[in-house]
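The values are calculated or read from the model by the stated rules, or taken from the named source; none is laboratory data. No experiment lies behind these values; they were computed from the predicted model shown. Positions of Cβ are backbone-derived with ideal geometry, glycine not excepted, and every protein chain shown enters the neighbour counts.
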Amino acid sequence: MATATQTLTTPPTTNGATKNGISKSNDPYQAALDSLNRDGFVVLPASLFPTFDLDALRAAASRTTTAARNGSWPYIRTLPKQFPPWPQDPSKGIWGVQHLLHPSNPDHLTFAKSYFDAELLKYVKTLIGCSEEELVMELYNMLVRPDDDFELRWHRDDIPATATADEEMQRLAKPGYHAQWNLALYDDSSLVVIPGSHARARTETERNADPYAPELPDQLVVKLKAGEVAFYNNNILHRGVYDPKKERMTLHGSIGSSRASGERARNVLQHGVGEWVKGYDFSAFDAETARRAEGMREKLVEMGRVSGDVGFYSRDE
């Protein structure tokens, strides 16, 4: 099984054991985009994000996860369910913590500093292909060590497994209008992807495979070191394999573009972010971050207003 252990540096190198060559760009933002377009994911080293305070993030993540496990933080991903909505009962175990930016979270400002980080947003703007004025606040959640063995099935986030090859290609041909990433606070090798599958329909082998098949041709384990950031196309064919014996606290975020109109609404709003985002107060932020964040929040509120009830991607899974 291949693993992605190399990261993008300046000058850039390929991210991991991919086969399509190395970006020729001397611009690190363009190099990241080249890798994302080619492989469907890109790993960026911690050195590119000097303002990330890993110790503070770990401490905040630990407090929030403890609250989630003991039932005092209700926004959780519960076993064995893969997709929202999740029951708010942690008695069977959790594998994720939702709504890190919720104003009732005592550590929301610590998480917000990484979500609205100026350098991170430079990559986001390049990967989406939009201006700062078009950025839309979306989601900031956390993926944690499950309380029992747990795996996600092979999936694309916005294309159902029942889609035909033609239906897959019609959706894959459309712009994504968002960037999605994992920021590992501890070493993390939970994400498994099939490089290049974001740009093609599933093969017959992939289409006919067991949804939890431990091996598919060309699959790759994305190995993140603490502090590294993996951006990935949410319609790459991927799954998660989680080890209950290994600590995991990986911040899982997404930011969109106002160009998406209602196309992103279900993926974002099904998580319930619209229920609290109107009350978010940016007064404790520095002036520049507050200005940026307020503009992004306003666009999320508008998305909810226009979209109404969006339903769920897969309510029963």
Revision key, fill the gap. Quick count over segment 75-96, residues being surrounded by 16 or more Cβ atoms within 10 Å (Cβ to Cβ) and touching an Asp or Glu at 6+ places or on another chain (Cβ under 9 Å), is 10
Point to revise | Qualifying residues in segment 188-227 (those that are buried (at least 22 other Cβ atoms within 10 Å of the Cβ) and polar (S, T, N, Q)) - the one nearest to Pro50 (Cα to Cα) | key: Ser190
**Study point:** Of all residues making up segment 162-171, the number that are under 14 Å from Arg200 (Cα atoms) and in a loop (DSSP other than H, G, I, E, B)
**Key:** 2
Review point. Within segment 240-268, restricting attention to residues that are part of a helix (DSSP H, G or I) and touching an Asp or Glu at 6+ places or on another chain (Cβ under 9 Å), which residue is modelled with the lowest pLDDT?
Key: Arg266
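Condition check ((1) over 19 Å from Leu183 (Cα atoms); (2) in contact with a Ser or Thr (Cβ under 6 Å, 6 or more places away or on another chain); (3) modelled with pLDDT under 95) across all residues:
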{"residue": "Asp27", "(1), (2), (3)": "yes, no, yes"}
{"residue": "Asn37", "(1), (2), (3)": "yes, no, no"}
{"residue": "Asp53", "(1), (2), (3)": "no, no, no"}
{"residue": "Ala59", "(1), (2), (3)": "no, no, no"}
{"residue": "Gln82", "(1), (2), (3)": "yes, no, yes"}
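Do we have any residue at all in segment 229-246 that's crowded, with 20+ Cβ neighbours inside 10 Å and farther than 25 Å from Leu127 by Cβ? Reasoning before the result, please.
Going through segment 229-246, the residues crowded, with 20+ Cβ neighbours inside 10 Å turn out to be 229-233, 235-239, 242.
Remaining after also requiring farther than 25 Å from Leu127 by Cβ: 242.
Yes, the conditions are met somewhere in segment 229-246.
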Study note, to complete from the structure: Of the residues in segment 283-303 that are aliphatic (A, V, I, L, M) and touching a residue at least 40 places away in the same chain (Cβ under 8 Å), the one that is farthest from Leu269 (Cα to Cα) is Ala284
Review point. Before we move on, is Ser283 among the hydroxyl-bearing types (Ser, Thr, Tyr) and either crowded, with 18+ Cβ neighbours inside 10 Å or in contact with an Asp or Glu (Cβ under 6 Å, 6 or more places away or on another chain) (or both)?
Key: no
Revision key, fill the gap. Of the conditions (1) part of a helix (DSSP H, G or I); (2) without any contact (Cβ under 8 Å) to a residue 24 or more places away in the chain; (3) touching a Lys or Arg at 6+ places or on another chain (Cβ under 9 Å), the single one that Leu121 does not satisfy is (2)
Check your understanding: Being acidic (Asp, Glu), without any contact (Cβ under 8 Å) to a residue 24 or more places away in the chain, in a loop (DSSP other than H, G, I, E, B) and touching a strand residue (DSSP E or B) at 6+ places or on another chain (Cβ under 7 Å), is that true of even one residue in segment 137-155?
Key -> no
Revision key, fill the gap. In segment 62-78, anything among the hydrophobic types (A, V, I, L, M, F, W, C) and either modelled with pLDDT under 95 or under 19 Å from the mean Cα position of the chain (by Cα) (or both) is listed as Ile76
**Study point:** Total residues in segment 215-230, condition among the basic types (Lys, Arg) and assigned to a strand (DSSP E or B)
**Key:** 1
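Taking segment 152-187, which residues are of a type in the set (Ser, Thr, Tyr) and surrounded by fewer than 16 Cβ atoms within 10 Å (Cβ to Cβ)?
Of segment 152-187, the ones of a type in the set (Ser, Thr, Tyr) are 162, 164, 177, 186.
Passing the criteria: Thr162, Thr164.
May I ask you to list the residues in segment 46-90 that are in a helix (DSSP H, G or I) and among the acidic types (Asp, Glu)? First the steps, then the outcome.
Taking segment 46-90 as the starting set, the residues that turn out to be in a helix (DSSP H, G or I) are 46-48, 54-69, 90.
Passing the criteria: only Asp55.
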Revision key, fill the gap. Gln98 fails exactly one of (1) out of contact with any Ser or Thr (no Cβ under 9 Å at 6 or more places or on another chain); (2) within 16 Å of Ser283 (Cα to Cα), namely (2)
